[in-house]
Structures are given as C-alpha cells and as structure tokens.
1. Can you pull out the strands (runs of 3 or more DSSP E) entirely within the range 104-205 that have at least 3 residues that are within 20 Å of residue 245 (Cβ to Cβ)?
2. With the requirement that a residue be under 12 Å from the mean Cα position of the chain (by Cα) and modelled with pLDDT under 95, what does the range 201-223 give you?
3. Could you list all residues from the range 119-138 that are closer than 19 Å to residue 105 by Cβ and within 15 Å of the chain's Cα centre (by Cα)?
4. Just wondering, is there one or more residues in the range 60-75 that are over 26 Å from residue 155 (Cα atoms) and either touching a residue at least 12 places away in the same chain (Cβ under 8 Å) or not in a helix (DSSP H, G or I) (or both)?
5. Can residue 3 be described as modelled with pLDDT of 80 or more, in contact with a helix residue (DSSP H, G or I) (Cβ under 9 Å, 6 or more places away or on another chain) and over 25 Å from residue 201 (Cα atoms)?
6. Give the range 45-57 a look and list any residue that's touching a residue at least 24 places away in the same chain (Cβ under 8 Å) and part of a helix (DSSP H, G or I), or say none.
7. Considering the range 81-103 alone, what residues qualify as being part of a loop (DSSP other than H, G, I, E, B) and touching a helix residue (DSSP H, G or I) at 6+ places or on another chain (Cβ under 7 Å)?
8. Return the residues of the range 230-254 that are surrounded by fewer than 19 Cβ atoms within 10 Å (Cβ to Cβ), outside any strand (DSSP E or B) and touching a residue at least 40 places away in the same chain (Cβ under 8 Å); say none if nothing qualifies.
C-alpha cells in the first residue's frame with residue numbers, strides 16, 4: 001500500500017500523539033504539509049504503517065523532538081529572493097531612510113520573524129550597512145531576529161556558514177562582511193552588532209512582538225515562507241500580530257507564495273509581484 005495513502009487512512013493516530021505533546025497543536029498546520037512531514041518520518045524510521053510509527057514514537061522519546069523540529073521549516077538563504085532584495089536595496093530602504101530624516105528620527109527598527117540560522121537578518125544588515133555607510137551620520141538600525149528553535153538561533157549567533165551558503169553574494173560583499181575560517185565563512189562582528197537574536201513563538205506568545213524590542217513599532221517586518229505551512233486561522237493570528245507590530249507606514253515582506261494570503265488580510269501590495277506590502281489603512285488596526 002502506498003505510504004501516503006496509509007498516512008491519510010490513519011492520520012488521527014499521529015495527530016492524537018501530537019496534541020498530547022505540550023506546546024503542539026496539529027490543527028494549526030496546513031494538512032498537506034503535516035501529512036508530508038509524517039510521511040517523511042515514516043520513511044526515515046522504516047515504519048511500514050502509521051500504527052507502527054505510533055509504537056515507535058512511544059518507545060523512542062526523542063522522536064517527539066524530531067517530528068516537532070520537522071514541522072518548523074528552517075530552510076533559508078542569503079539574499080534568498082533576488083527581486084525582493086533588489087527592491088529593498090533600491091527603493092524601500094532609501095525611502096525609509098529619507099522618511100526618518102524628514103521626521104527627525106534616527107533609528108530604523110526591523111523584525112526578521114522566523115529567521116532560522118540568520119541568513120535573512122544578516123542579508124538585511126548588509127543592505128543597511130551599505131545604505132547608511134558614511135552618507136547618513138547619526139542614523140542607526142536595530143534588527144530583532146526571532147525563531148522558535150533555539151538551536152537555529154545559536155547557529156545564527158555563531159554566524160558560521162559553509163562556502164556554498166554565500167553563493168548569492170558578490171565577491172565584494174563576501175570579503176567585506178565575512179572572514180574565511182576553517183573551510184567556511186564567519187560573519188564579522190561589525191555586522192552582528194545591531195542584530196538581536198531571541199526565541200519567539202509567533203503562535204503561542206502572549207506578547208505582540210519580541211520582548212527585546214520592548215514596544216514593537218517596526219519600520220520593516222520580514223517573514224518569508226512561513227505562513228504557507230499553517231491553517232487559515234493561524235495565518236490570520238500571525239498577520240494580526242504583524243499588523244499591530246508595524247509602525248505607521250511600515251512595510252511587511254512575505255514570500256512570493258504568500259501574496260494572496262497577505263492581500264486578504266488588510267494589506268496592499270506596494271510593488272507588484274514582489275510580496276512587499278503596507279497596511280490598507282493610514283493607521284494600524286485598533287487594539
């Protein structure tokens with residue numbers, strides 16, 4: 001019998017195990033994604049059926065952690081979407097810097113939500129360092145990078161990446177912001193200085209934004225390719241959180257596959273096909 005078919009037939013057995021696990025709710029995940037994750041664990045554990053997998057789970061306590069980790073997609077890249085980062089570099093950040101100068105405010109605040117091993121916040125930091133440089137004295141920035149997985153965050157804080165991870169960076173950027181060490185690249189401290197990495201669960205946390213940020217009010221919020229793994233109700237919960245966390249006129253960046261999801265939730269796309277949004281209203285949604 002096809003493994004995928006067996007998962008469909010016996011799905012409730014695994015979801016019950018998930019729901020009995022503290023902090024886990026099977027109902028929040030998009031069904032196809034949840035099914036694919038369970039199917040992968042069936043294959044990797046060599047279990048011939050979901051019933052056999054449930055028995056394996058009960059005999060191997062570490063399996064709970066492995067399946068939990070598989071439900072958090074940690075794939076990321078430096079400058080992952082070339083179009084998005086080109087627009088950020090050429091339009092969004094220059095306009096934001098000018099707006100800050102006009103308002104006589106000196107700090108740019110950014111939230112990188114679901115930052116995985118740090119590639120996204122470091123990419124944003126590179127753009128900001130280059131945009132500010134010696135051209136805007138007194139202007140600073142802070143990036144609050146969060147993820148639910150502390151292991152990923154530790155990798156981000158370390159900032160060590162294999163050479164292949166820098167494939168989308170120009171040679172100049174690689175040499176400017178990284179140091180070659182032990183067969184890989186290490187992020188220079190100058191790039192780490194304005195990034196705060198912290199654990200934050202977008203679904204479970206009672207606070208609206210990372211505690212390290214104190215009050216949110218983000219000029220730019222980047223969360224790419226995370227919403228697609230959740231059910232509509234959970235997506236709405238996350239987008240509500242983002243809506244309340246953005247500063248007036250703030251910008252939200254999502255993944256290309258999430259455009260329709262974001263457009264259905266009080267946001268308008270400001271650069272066609274680029275998954276870069278602002279709120280439809282002049283002010284944020286009332287709390």
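The values are calculated or read from the model by the stated rules, or taken from the named source; none is laboratory data. The structure displayed is predicted, hence computed values, not measured ones. So basically every Cβ, Gly included, is an ideal-geometry build from the backbone, and we count neighbours across all protein chains shown.
1. The strands (runs of 3 or more DSSP E) meeting that bar are 107-113, 140-147, 195-199.
2. Listed by number, the residues that qualify are 201, 202.
3. 124
4. Looking through the range 60-75, at least one residue is over 26 Å from residue 155 (Cα atoms) and either touching a residue at least 12 places away in the same chain (Cβ under 8 Å) or not in a helix (DSSP H, G or I) (or both).
5. No: the conditions fail for residue 3.
6. 50, 51, 53, 54, 57
7. 81, the sole residue that qualifies.
8. If the condition is that a residue be surrounded by fewer than 19 Cβ atoms within 10 Å (Cβ to Cβ), outside any strand (DSSP E or B) and touching a residue at least 40 places away in the same chain (Cβ under 8 Å), then 231, 233, 234, 240, 244 are the ones that fit.
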